[in-house]
Structures are given as C-alpha cells and as structure tokens.
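To start, the structure itself, in structure tokens.
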Amino acid sequence: MIVTITPNPAIDQFYWVDEILSPETALLTRANHTLSSAGGKGINVSMQLNYLGMETTTMGFIAGYMGHAVEHSLHERNITTNFVWTDGETRANVIVIADGKEVSPIEVNATGPQVSDMALHRFQKRYQNALLRCDYVMCGGSLAPGLDIDFYKRLLEKAHQKDAKTMLYASGDEFNHACELGPWMSKPDVRERSEVLGKPIGTKDQAYEVGQELLKTGSEIVIMAHSLTQPLADQMVFTKEGIWNYKANEIETVNRVGAGDTFTAGMLFKLLKGSDVTTASRFGMAASLASTEAKQTTVANRNAIEQALQRVEEEAL
Amino acid sequence: MKVKHIMLRELAAIEVDTTIEEFIYIVRKSGLSSLPVVDEGDRILGIISERDVIGAVLPDYHETLQGTPFSPNPDELTRKLAELQQEPVQNYMTSSVTTVQESADDLYAASLMFDQNLKLLPVVNEEGRLAGLVRRIDLLKLLR
C-alpha cells in the first residue's frame with residue numbers, strides 16, 4: 001500500500017478567463033469556466049493513482065472549512081484519508097488562466113495553517129501506525145507553517161527503519177536535507193527556486209549535473225524537470241543504468257498545474273506494476289501531457305494517457 | 001454491494017493514551033461524533049463518543065433529563081470537564097466494539113447498526129486493521 005503525505009494541502013481554485021483586464025479597463029473580470037479541487041503534491045499523486053486503479057492513503061494537516069472541503073473532495077473519489085486537524089484554515093490556491101496564455105497562468109498560493117505541537121504529535125502517532133501497513137511512502141509539496149525543515153527527513157528516516165520505499169518531491173532546504181538519506185525516488189520541485197543542493201538548475205546541462213549529484217545520495221531514481229517555460233517541462237530521469245530525457249510534442253495546453261505530479265504518479269504506477277524505468281517514465285510523461293491538455297489536474301481517462309504516449313519522445317543521454 | 005463500496009474512507013482514530021481534551025478537539029474539528037480507539041497496528045480496541053464524555057461529566061444527566069426539567073450548574077460542569085481533560089480516553093471508551101469486515105454485505109452492516117442503535121460502525125480489513133467508517137448517512141447513499 002502507498003501512503004502519500006501532503007503537509008500543506010489546498011483547495012486549488014481555477015478560473016479560466018477570456019483575458020486579464022487591467023484596472024483601467026474594468027474592475028471586474030468574469031470567468032468563463034471554474035473548477036475547484038483538492039490539491040497538493042501528495043494529494044494529486046493519490047488522485048491520479050486512484051484513477052489508475054491503485055489504492056492509497058493520503059495524510060497531512062487540514063484545518064477549517066477548506067479542510068473539510070479537501071476531505072470531502074477526496075472521499076467523493078473513494079480515496080482513503082488519514083488527516084490530522086489543526087487550528088486555522090487550509091489554504092486556497094488561486095490559478096487564473098487566460099485564453100491564449102495557458103502556458104503562463106497567474107498562480108497565487110496561500111501559506112496554510114499553523115501546525116500546532118499537538119497536531120504534530122498526533123501526526124507522528126498516525127504516521128507510525130501507517131508505516132505498519134504500507135510499502136511505499138511519498139512525501140510531497142511545501143511544508144505548512146510550524147513544521148521545521150527536517151520534517152521530511154524524519155519521515156524518511158522512520159520509513160526506512162520499517163523498510164518502506166520512499167519518494168521525495170519537494171523544494172528548498174526541506175528537499176536538500178531529506179535527500180541526504182537517499183530516498184528510493186527523488187524529484188526536486190524547481191518552480192520557485194532554480195537551485196538544488198546549492199547549485200543552479202535552470203538549464204538542461206545544469207539539471208544533468210545536479211541529477212547525477214542526487215544519484216550519489218543513494219537514490220535509485222532521480223527525476224529533474226527542466227526547460228520550465230515550455231508548454232510542458234521536459235523530465236530527465238537518472239538511474240545507475242542510464243539517463244534519459246523525456247519530451248512531449250504538439251502540446252495543446254489547457255491547464256499545466258500538477259503536470260509534475262501526474263508524471264510522478266504515472267511513473268510510480270508503472271513501476272509498481274513491474275515495468276522498467278523507461279517504460280514507466282514514458283507513461284509518466286504521457287500522463288503529464290494528458291493532464292496538461294485537460295482542465296482537471298489529474299486524468300480520469302486512461303485512454304487519454306495511452307493516446308498521449310505517441311507524442312512522447314525519449315532520448316538516451 | 002459490499003461495505004467497502006459505501007464506507008467513508010476515513011482512518012480518523014485515536015490511541016488509548018489520547019487525552020479527553022484531544023478527543024474533544026478532534027471531534028469538534030472533524031464533525032465526527034465518535035472515534036475508534038486503536039492499538040499501534042490500527043486494530044480496534046474500543047470506541048469513544050461525545051455521549052461517553054458527557055456521561056462522565058454528568059453521570060446522571062441522561063436519566064435526569066428523562067423525568068425533570070434539568071438545568072446543570074455550569075460551574076460544576078466546567079469543573080468536572082477540567083478534571084477530566086488530561087485523563088486518557090481508555091478510561092471512558094467502550095471496549096466491546098461492534099465492527100464489520102469491508103468485504104461484508106452492506107445490508108449486514110445496516111442490520112448491525114439498526115439492531116444495536118449504532119451511529120458509527122468501524123470497518124476493518126482482512127488483517128483486522130481499521131479501513132473506514134460507516135455512518136448512518138452512508139447507508140442512505142444506497143437510495144441515490
């Protein structure tokens with residue numbers, strides 16, 4: 001069983017608009033389409049795996065009205081939740097996507113609720129119990145206020161003690177600290193800060209160099225996104241056996257939020273079904289492409305992923 | 001239909017050493033009226049409800065309410081609740097818990113809840129670990 005951990009879940013609120021009007025032109029912009037969904041890296045991975053028929057349990061901290069909305073959204077999809085309540089309000093992230101500018105949406109993420117000592121203590125107990133019933137732990141996304149940068153590191157340590165395989169998909173120091181433990185799979189999130197382990201990763205060559213550094217930590221699979229300003233970022237996959245770059249072609253971007261999450265979920269799904277890394281990576285890239293071309297952040301239709309496979313390009317490096 | 005198709009996939013549970021204060025916090029936040037009490041492997045040891053805590057604060061509350069207009073002394077209630085707050089739920093939980101397998105028929109779960117007047121029925125998997133909860137409203141989903 002897979003446990004996904006999203007320390008700082010969200011309700012992602014998407015607004016598609018004809019254009020973003022300046023205040024000089026109009027004080028109100030009306031959306032032509034809206035969508036709300038539970039979000040956050042672990043949650044998105046759980047939702048995608050659920051669509052592919054793989055059960056997960058998702059954990060994290062929730063609060064307030066939005067916390068109930070997150071739980072409800074997941075329960076409606078028959079996803080098992082094991083959240084811990086804290087004071088405050090789960091964050092709402094707002095994404096405004098203008099016609100013709102789908103590649104560069106306006107994205108504003110809230111901070112999230114303060115995690116209390118009591119909630120953290122409860123989480124540790126629930127996590128310890130969860131480790132007795134899972135084989136894989138996936139940690140993803142930003143940390144909620146109140147959690148220190150070694151939060152992920154401690155989760156990985158405990159998972160490794162129970163022989164669970166771990167995946168780390170985060171950014172900043174929380175990633176840098178935890179990746180020292182050599183998670184089975186690691187994927188830095190580089191959307192905010194184009195550096196990992198203190199090294200820049202803006203270009204393909206820089207991503208190549210840092211990916212190899214991350215392999216040295218003991219990770220069996222490292223995934224590096226690069227060329228982030230493209231309609232869909234390339235994904236570079238590193239193992240001891242080889243390095244490959246995955247690129248999607250002929251992309252019609254509708255909503256690129258969560259594309260890295262569907263890549264991770266798609267790849268994980270295939271790996272757990274026994275596929276090799278390249279087959280899993282191609283499927284991950286196809287899932288990512290299919291999600292970019294749909295309004296939802298995750299892909300309910302498996303056929304859409306299978307069809308997108310034809311537009312995935314693999315290059316051995 | 002099987003229980004696993006109608007249950008709430010919610011692993012909200014507490015441990016025997018969870019305090020009453022923490023229990024009250026969780027039910028207040030989550031909206032659940034009772035919680036399963038589990039061991040370290042998520043196997044069910046008991047269940048505790050709001051009613052159990054109210055009953056502990058005012059042991060004769062329910063009985064008194066049946067016969068006479070009843071107005072508890074708020075100071076007394078607050079004092080008793082404060083005394084209780086740091087106690088473990090183990091002291092107030094019901095140890096004999098009715099559970100149902102996730103592979104059981106939904107009608108069987110319904111009959112258990114109806115016969116025993118249960119508001120919440122914990123669901124366990126093949127290993128006997130908590131897998132979800134059935135509330136009365138989950139049974140009514142069948143009517144959709």
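Structure notes:
- Of all residues in the range B:17-47, those being within 21 Å of B:Leu81 (Cβ to Cβ) and out of contact with any Leu (no Cβ under 6 Å at 6 or more places or on another chain) number 19.
- Hits in the range A:251-287 (condition: surrounded by fewer than 24 Cβ atoms within 10 Å (Cβ to Cβ), at pLDDT below 95 and among the charged types (D, E, K, R)): A:Glu252
- Exactly one residue among A:Lys158, A:Lys153 is under 17 Å from A:Gly218 (Cα atoms), within 21 Å of the chain's Cα centre (by Cα) and not aliphatic (A, V, I, L, M), and that residue is A:Lys153.
- For the range B:113-123, the candidate set comprises residues that are under 11 Å from B:Arg136 (Cα atoms) and in contact (Cβ under 8 Å) with a residue 12 or more places away in the chain; within that set, the residue that is farthest from the chain's Cα centre (by Cα) is B:Met113.
- Criterion: assigned to a loop (DSSP other than H, G, I, E, B) and over 20 Å from A:Leu168 (Cα atoms) - qualifying residue of A:Leu74, A:Leu21: A:Leu21
- The listed residues are A:Thr34, A:Thr57, and the only one of them that is more than 19 Å from the chain's Cα centre (by Cα), modelled with pLDDT of 95 or more and either part of a strand (DSSP E or B) or at positive phi (or both) turns out to be A:Thr34.
- A:His160 falls short on exactly one of the conditions (1) part of a loop (DSSP other than H, G, I, E, B); (2) away from chain B (no Cβ under 14 Å); (3) in contact with a strand residue (DSSP E or B) (Cβ under 8 Å, 6 or more places away or on another chain), and that condition is (1).
- The lone exception for A:Ala144 - which of (1) small (Gly, Ala, Ser); (2) more than 19 Å from the chain's Cα centre (by Cα); (3) buried (at least 24 other Cβ atoms within 10 Å of the Cβ) it fails: (2)
- Restricted to the range B:28-55, and to residues there that are of a type in the set (A, V, I, L, M, F, W, C) and at pLDDT 95 or above, the residue that is surrounded by the fewest Cβ atoms within 10 Å (Cβ to Cβ) is B:Leu45.
- Here A:His72 meets each of (1) touching a residue at least 12 places away in the same chain (Cβ under 8 Å); (2) more than 10 Å from every other protein chain (Cβ to nearest Cβ); (3) surrounded by fewer than 18 Cβ atoms within 10 Å (Cβ to Cβ) with one exception, condition (1).
- Verdict on A:Thr229 being under 20 Å from the mean Cα position of the chain (by Cα), buried (at least 17 other Cβ atoms within 10 Å of the Cβ) and of a type in the set (S, T, N, Q): no
- Only a single item in (1) within 11 Å of chain A (Cβ to nearest Cβ); (2) acidic (Asp, Glu); (3) within 13 Å of the chain's Cα centre (by Cα) is not met by B:Asp52, and it is number (1).
- First in the range B:1-23 and at negative phi and facing chain A (nearest Cβ under 9 Å), second anywhere and assigned to a loop (DSSP other than H, G, I, E, B) and β-branched (Val, Ile, Thr), Cβ under 7 Å, 6 or more apart: B:Arg9/A:Ile79
- Scanning the range A:208-252 for residues that are acidic (Asp, Glu) and in contact (Cβ under 8 Å) with a residue 60 or more places away in the chain gives a single hit, A:Glu250.
- Boolean, A:Ile2 is touching a residue at least 40 places away in the same chain (Cβ under 8 Å), more than 30 Å from B:Met7 (Cα to Cα) and surrounded by 22 or more Cβ atoms within 10 Å (Cβ to Cβ): no
- Hey, B:Ala82 of a type in the set (Gly, Ala, Ser) and surrounded by 13 or more Cβ atoms within 10 Å (Cβ to Cβ) or not: no
- Residue that is modelled with the lowest pLDDT, among those in the range B:124-144 that are surrounded by fewer than 16 Cβ atoms within 10 Å (Cβ to Cβ), more than 13 Å from the chain's Cα centre (by Cα) and more than 25 Å from A:Val3 (Cα to Cα): B:Arg144
The values are calculated or read from the model by the stated rules, or taken from the named source; none is laboratory data. If you're wondering where the values come from, they're calculated on a predicted model, not measured in any experiment. Heads up, the Cβs are rebuilt from the backbone with ideal geometry, glycines too, and the neighbour counts pull from every protein chain shown.
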